[in-house]
Amino acid sequence: MTCANPNLWYGKNYTHHSQLSDSEFVESFENGSLNPRLFNHEAHLRLAWIYIQNHGEQRAIEKSCSGIKHFDFIHGKGDKFHTTITVAAVKVVHHFIKKSESRSFADFIEEFPRLKVAFKELLDQHYGFNIFSSDGAKTDYIEPDLLPFD
């Protein structure tokens, strides 16, 4: 679907990313027309879920990293992107997809609510240091030092 009016996604009718179909969500994210208020933590997970479903884990990592960097540059100062958190998020989503029978992201996140409500705690099981405040982890992917993702 091509959005004739890129500002459509900024419309006041949309208060949550789930109001967009998967294809509308990805297209508006990729072309930068998605309202940044809609791109919350759950939307990051949804993006990873869609990319994994459509492209596999490795390509999902590449698309997530490049896409989120671009989105951050368009809608911010280009300083919020965090490499390790982005790669880890895709890897964690992939881990749970392999255990899931869900056919939609809404069902998936309902099946694994910890991804949404306890994401930092999930990552703490893999990393023995705070990746959220590490400058090195922000710019380069750092493998888990406690527990591999798979």
Checklist entry - Exactly one of (1) free of Cβ contacts under 8 Å to residues at least 24 places away in the same chain; (2) in contact with a helix residue (DSSP H, G or I) (Cβ under 9 Å, 6 or more places away or on another chain) is unmet by G128. Its number? => result (2)
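Please enumerate the residues belonging to the stretch 36-46 that are part of a helix (DSSP H, G or I) and in contact with a His (Cβ under 9 Å, 6 or more places away or on another chain).
Residues of the stretch 36-46 that are part of a helix (DSSP H, G or I), as a first pass: 36-38, 41-46.
Of everything in the stretch 36-46, those that are part of a helix (DSSP H, G or I) and in contact with a His (Cβ under 9 Å, 6 or more places away or on another chain) turn out to be P36, L38, E42, A43, R46.
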Checklist entry - Condition test on S33, is it modelled with pLDDT of 95 or more, more than 17 Å from F108 (Cα to Cα) and either assigned to a loop (DSSP other than H, G, I, E, B) or not acidic (D, E) (or both)? => result no
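Every residue, every condition in (1) among the β-branched types (V, I, T); (2) free of Cβ contacts under 8 Å to residues at least 24 places away in the same chain; (3) at negative phi, yes or no:
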site	(1), (2), (3)
N35	no, no, yes
A48	no, no, yes
S100	no, yes, yes
V117	yes, yes, yes
K138	no, no, yes
Next on the checklist: I need the full set of residues from the stretch 26-60 which are touching a Phe, Trp or Tyr at 6+ places or on another chain (Cβ under 9 Å) and aromatic (F, W, Y), in order please.
Outcome noted: F29, F39, W49
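The values are calculated or read from the model by the stated rules, or taken from the named source; none is laboratory data. None of the values given here were measured: they were computed from a predicted structure. Positions of Cβ are backbone-derived with ideal geometry, glycine not excepted, and every protein chain shown enters the neighbour counts.
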